[in-house]
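Quick notes on the structure that follows.
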Amino acid sequence: MMRCLADVRLRAMELEDLDFLYEIENDEDVWNVGVTNVPYSKRILLDYITSASGDIYVDKQVRLIIENEENMAVGIVDLVDFSPSHGRAELGIVVKKDFRGRGYGSAVIDKILGYLKNILHLHQIYAYVAEGNKTCVNLLKNADFQSDMVLKDWLNNGKEYLDVLFFQRFL
């Protein structure tokens, strides 16, 4: 696996993250790579922050804030569709535009893989990536994720359907 130069810390969401989450969730540029395609109100995001138990076994998901060396929030990492009985979860990473290309994605994968393997004792992690998202495709390939399945016309960006690569890594 390729090592990155960036240093990150993953932490739980706080009420103070409301504006940060609002900015990321309402960035239309990332809507076509996920399942969200509507804006979120601050009220809905506040309810999400306050209602999440912080226990992945209860919620079957967890969202962590990515902080850089200066303790600035630079992105979010999601683990969703957590299945303890099957030992797997889906990975999602969003790095804020201003911080892309600095190695934060690689650093997050390094951190999260240790957590998944040593704390949650998962067998595998997986991700869905639009075929044209070369940055993310390269990020996962460099982190030893394997992809041998293409899901045809899986995402709709509002103009066309996009093929998606299914990536997985066994821990």
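Exactly one residue out of Asp144, Asp110 is in contact (Cβ under 8 Å) with a residue 40 or more places away in the chain and open to solvent by 50 Å² or more (accessible area, probe 1.4 Å), and it is Asp144.
When you scan region 32-40, do you find a residue that is among the polar types (S, T, N, Q), open to solvent by less than 70 Å² (accessible area, probe 1.4 Å), modelled with pLDDT of 80 or more and not in a helix (DSSP H, G or I), even just one?
no
None of Arg100, Arg43, Arg88, Arg3 is basic (Lys, Arg), open to solvent by 30 Å² or more (accessible area, probe 1.4 Å) and at pLDDT 95 or above except Arg88.
Can you say whether Val80 is in contact with a strand residue (DSSP E or B) (Cβ under 8 Å, 6 or more places away or on another chain), aliphatic (A, V, I, L, M), surrounded by fewer than 18 Cβ atoms within 10 Å (Cβ to Cβ) and within 19 Å of Arg11 (Cα to Cα), as far as the supplied structure shows? Let's see the steps before the verdict.
Working: in contact with a strand residue (DSSP E or B) (Cβ under 8 Å, 6 or more places away or on another chain): yes; aliphatic (A, V, I, L, M): yes; surrounded by fewer than 18 Cβ atoms within 10 Å (Cβ to Cβ): yes; within 19 Å of Arg11 (Cα to Cα): yes.
Judged against the criteria, Val80 is a match.
Going through region 18-28 one residue at a time, which ones are open to solvent by less than 30 Å² (accessible area, probe 1.4 Å) and not hydrophobic (A, V, I, L, M, F, W, C)? Within region 18-28, just Glu25 meets the criteria. Per the conditions (1) without any contact (Cβ under 8 Å) to a residue 40 or more places away in the chain; (2) under 30 Å from Asp163 (Cα atoms); (3) not basic (Lys, Arg); (4) not in a helix (DSSP H, G or I), the sole criterion not satisfied by Ser53 is (2). Which residues, taken from region 69-97, are aliphatic (A, V, I, L, M) and either under 20 Å from Asn138 (Cβ atoms) or in a strand (DSSP E or B) (or both)? Answer for region 69-97, where residues must be aliphatic (A, V, I, L, M) and either under 20 Å from Asn138 (Cβ atoms) or in a strand (DSSP E or B) (or both): Ala73, Val74, Ile76, Val77, Leu79, Val80, Ala89, Leu91, Ile93, Val94, Val95. Identify all residues within region 157-171 that are within 21 Å of Glu28 (Cβ to Cβ) and either within 16 Å of the chain's Cα centre (by Cα) or open to solvent by 80 Å² or more (accessible area, probe 1.4 Å) (or both); write none if there are none. The answer is Lys159, Glu160, Tyr161, Val164.
Consider region 122-159 and keep the residues that are assigned to a loop (DSSP other than H, G, I, E, B) and either of a type in the set (Gly, Ala, Ser) or modelled with pLDDT of 95 or more (or both). The one that is nearest to Glu67 (Cα to Cα) is Ala143. The numbered conditions (1) open to solvent by 90 Å² or more (accessible area, probe 1.4 Å); (2) modelled with pLDDT of 95 or more; (3) aliphatic (A, V, I, L, M) are all true for Val58 except (2). Is there a residue in region 9-17 that is in contact with a Ser or Thr (Cβ under 8 Å, 6 or more places away or on another chain) and loosely packed, with under 14 Cβ neighbours inside 10 Å? Yes.
Scan region 121-138 for residues that are buried (at least 18 other Cβ atoms within 10 Å of the Cβ) and under 13 Å from Pro84 (Cβ atoms) and the total you get is 1.
The values are calculated or read from the model by the stated rules, or taken from the named source; none is laboratory data. Just so you know, these numbers come straight off a predicted model, no measurement behind them. Don't worry about glycine lacking a Cβ; one is built from the backbone with ideal geometry, like all the others, and counts go over all protein chains shown. Calculation scope for accessible area: heavy atoms of the full protein, side chains included, ligands and nucleic acids excluded. Shrake-Rupley method; radii C 1.70, N 1.55, O 1.52, S 1.80 Å.
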